[in-house]
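Note sheet for the following structure.
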Amino acid sequence: MKKIGILLILFTLSLNISKLKAEDGYRLWLRYDLISNAQKLQEYRRSIQAWLIEGDSPTLSVAKNELQNGINGLLGQPISNVKTIQKDGIVVAATLGKSALLTQLNLNSRLEKLNLEGFLILNTTINQKKVIVIAGKEDIGVLYGVFHFLKLLQTHQNIEKLNIESSPKVKLRILNHWDNLDRTVERGYAGFSIWDWHKLPDYLDPRYTDYARANASIGINGTVLTNVNANALVLTPAYLEKVAALADLFRPYGIKVYLTARFSAPIEIGGLKTADPLDPQVQTWWKNKINEIYQYVPDFGGFVVKANSEGQPGPQNYQRSHADGANMLADALAPHNGVVMWRAFVYDNNVPDDRAKQAYNEFKPLDGTFRSNVLIQVKNGPIDFQPREPFHPLFGAMPKTPLMMEFQITQEYLGQATNLVYLATMWKECLESDTYAKGQGSTVAKVIDGTLHEYSMTSMAGVANIGNERNWTGHPFGQANWYAFGRLAWNHELTAAQIAEDWIRMTFSNDNNIIKTLQNMMLNSHETVVKHSTPLGLHHIMGAGHHYGPGPWVSRMSRADWTSVYYHRADSMGVGFNRTSSGSDALSQYFPEVQAKFGTLENCPEAFLLWFHHVNWDYKMKSGQTLWAALCHQYYQGVEEVRQMQKSWDALETKIDETRFAQVKALLKIQEKEAIWWRNSCVLYFQTFSKQAIPKGLEQPEKSLEYYQKLSFPYAPGIRPQW
Ligand code: GCV
């Protein structure tokens, strides 16, 4: 009896232990578990025997905590903190210019090459003792350097010959939360908003600190707390108190807080009759409001504004231009060093012949008319975060106005939180696109980092995929997109493969087989989702409102450019949107070399064919197949590739912790179902125009087109309530 009791206790204990060990994804890429490779562990224990961070500031104390927790966890033993260097193997972190130890090392000339947030990491000697120095130009550089150093350990790098210099290429690296004050998240698929407005400012959820750590670890230095479809209430004292509490918490991590400004706020919360940006009363209202915000948040970053787009108010309501609106806010922010990020994602109530042209048409003529603290925030492509878009024609077209990038991390059109899609490959495709604005090599990346047109302000924003789900992003691989966004914003020259490898090593394992398998899955995953949803340049053919799943048949909406038929233009002859000079002529917004690349059927890369051309069903593709056959094969291939991912994942069963293994396995099953749903719906729908059979050898769709057309998802997550 006694024995059974003891066994039971042991069993319960072991259950508890395994529960504790379960990987629920909360720790993201900052897991700091004991290094499993014995040789590496020994090497690191030899090189890291103590640590010392010189100086004192809130940021340095955050750096101390992180370094201490990181190395204690990774090395599996408490590593002591020392005050002087009396032996080898000490990690010394300090801010240059503020540290006696670093002065001895005379690192000034190297420091000059770095920008304000940059850092150095190197092996050297101080007082004849071997040390590893992490030096920041400012305290925040020390924190970034500490995270980088921990990454070296987490990814099992050699730390005996370090000589690293790192500076961000872009100044403002920002997350845009589309979070509402009621905690719903527009296009959010990971639960509700992480901002618990109701309990703020008194209750600071520990998650906020982990959010700040995660962001700082990848160099993100700004967060826009609220949805661009803005609510003026956030500018009232009751909310500004809450905003201030978050700003105080984020400050040591180098993260500034920004808000979205509702253009009609002077009317809604100010009691004015107008929000006309040229009205002196309106100008005074904003000036006072902005001064008030700075009372609460002395380092407030500024505003993001969505104006005259999708029903949002803006200066055009008063026959004023986007520049009039942006400059009014910019003038009021300027004395505080705040900025305005004015979005170019605009389309007004008049439905244009081609929505792809609208932003260029409205903004290009305004080049040079914005204040110096205004950035124009441009989505990567001219429509709306589609699975594949050509780069936005505004990039390169506004040499006198800083243009910033807006990527979407949340997967609104890319499988939401049920599909494994690594977005870095897509972002790189955009960043590396050549605008030819100043001849060959004028890449989008060079526009964004300011080197092409010498912009003084530079920025990259990503629409966050974060929610209050335990693992932050819903799909465990969604974390990789948050991670990759930060890494690319810091250094767009990194490859998607490098970033994926770092993320896998830190999030899953340093096991080569795991790295290779997951990296391969991730790097192909974007192309896969394109194939099974919008191949060959198709776009905007998703279900209405929720944007979840296929809806190529969507034809009746309150405006034509919200329908699918507006974009695919399928008819008995063919499919695709003619954007050449014989069509909408959107192509003419690009520089001549780009026009030549996309302008003819022969030259146009097939990935963009139906974006720029209306193509006959019998057109011969490079493979020799007809367009119809090629389209079908793409859809079927997409599904096959999801099945391939399932096999790759299953092969890792014994190597991945149970919780995450089971979750991703289940999600891949959902992804397969959804890929089939996309494939069948689209093939059956387009078949009604092509009137051709699905090529031989491809499985026939089980259900009818009518079946798919009747599916409805009134409560799909992330949906905008009023749509
Ligand atoms: C925040 C798309 C989305 C909207 C979003 C909009 C935007 O249209 O579906 O939910 O609104 O883009 O970027 O402003």
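The values are calculated or read from the model by the stated rules, or taken from the named source; none is laboratory data. Here the structure is a predicted model, which means the values were calculated and not measured. Note that each Cβ is placed from the backbone with ideal geometry, even for glycine, and that neighbours are counted across all protein chains shown.
Side notes on the structure shown:
- The single condition from (1) touching a Pro at 6+ places or on another chain (Cβ under 9 Å); (2) over 30 Å from Lys655 (Cβ atoms); (3) among the polar types (S, T, N, Q); (4) in contact (Cβ under 8 Å) with a residue 60 or more places away in the chain that Ser564 fails is (4).
- Output for region 239-277, where each listed residue is out of contact with any strand residue (DSSP E or B) (no Cβ under 7 Å at 6 or more places or on another chain) and among the small types (Gly, Ala, Ser): Ala244, Ala245, Gly254, Ser264, Ala265, Gly270, Gly271, Ala275
- A search for C-beta distances below 6 Å between a residue of region 693-707 that is closer than 21 Å to Trp617 by Cβ and in a loop (DSSP other than H, G, I, E, B) and any residue that is at pLDDT 95 or above and not β-branched (Val, Ile, Thr), counting only pairs 6+ apart in sequence or on different chains, returns Ile694/Cys632; Pro695/Ala629; Pro695/Cys632; Leu698/Tyr636; Pro701/Asn680; Pro701/Leu684.
- Against the criterion of being touching a Phe, Trp or Tyr at 6+ places or on another chain (Cβ under 9 Å), closer than 16 Å to Thr443 by Cα and within 14 Å of the ligand (Cβ to nearest atom), Met405 qualifies.
- Flag for Gly188 being touching a residue at least 40 places away in the same chain (Cβ under 8 Å), away from the ligand (no atom under 16 Å from the Cβ) and closer than 22 Å to Ala480 by Cα: no
- Scanning region 465-479 turns up one or more residues that are part of a helix (DSSP H, G or I) and either touching a residue at least 24 places away in the same chain (Cβ under 8 Å) or more than 16 Å from the ligand (Cβ to nearest atom) (or both).
- Check on Thr369, in contact (Cβ under 8 Å) with a residue 40 or more places away in the chain and either surrounded by fewer than 23 Cβ atoms within 10 Å (Cβ to Cβ) or part of a helix (DSSP H, G or I) (or both): yes
- Residues satisfying the criterion are present in region 436-448 (criterion: in a strand (DSSP E or B), away from the ligand (no atom under 16 Å from the Cβ) and surrounded by fewer than 23 Cβ atoms within 10 Å (Cβ to Cβ)).
- Taken over region 222-250, the criterion of being part of a loop (DSSP other than H, G, I, E, B) and surrounded by fewer than 22 Cβ atoms within 10 Å (Cβ to Cβ) is satisfied by Asn229, Asn231, Thr236.
- Test: Ala332 is in a loop (DSSP other than H, G, I, E, B), in contact with a helix residue (DSSP H, G or I) (Cβ under 8 Å, 6 or more places away or on another chain), in contact (Cβ under 8 Å) with a residue 40 or more places away in the chain and of a type in the set (Gly, Ala, Ser): no
- Of the residues making up region 279-316, those that are within 16 Å of the ligand (Cβ to nearest atom) and assigned to a loop (DSSP other than H, G, I, E, B) are Lys306, Ala307, Asn308, Glu310, Gly311, Gln312, Pro313, Gly314.
- Some residue of region 660-668 being under 16 Å from Gly549 (Cα atoms) and not charged (D, E, K, R): yes
- Qualifying positions in region 209-221 - buried (at least 18 other Cβ atoms within 10 Å of the Cβ) and within 14 Å of Leu246 (Cβ to Cβ): Tyr211, Ala212, Asn215
- Residue match in region 581-602 (condition: touching a Ser or Thr at 6+ places or on another chain (Cβ under 6 Å) and assigned to a strand (DSSP E or B)): no
- Residues in region 340-397 that are among the acidic types (Asp, Glu) and either closer than 17 Å to Ser588 by Cβ or at pLDDT 95 or above (or both) were compared, and the one that is nearest to the ligand (Cβ to nearest atom) is Asp384.
- Residue in region 209-231 that is farthest from Thr59 (Cα to Cα), counting only those that are within 16 Å of the ligand (Cβ to nearest atom) and among the aliphatic types (A, V, I, L, M): Ala230
Here's the yes/no breakdown for (1) within 16 Å of the ligand (Cβ to nearest atom); (2) assigned to a helix (DSSP H, G or I):
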| site | (1), (2) |
| --- | --- |
| Lys655 | no, no |
| Ala662 | no, yes |
| Lys665 | no, yes |
| Lys673 | no, yes |
| Gln709 | no, yes |
| Pro717 | yes, no |
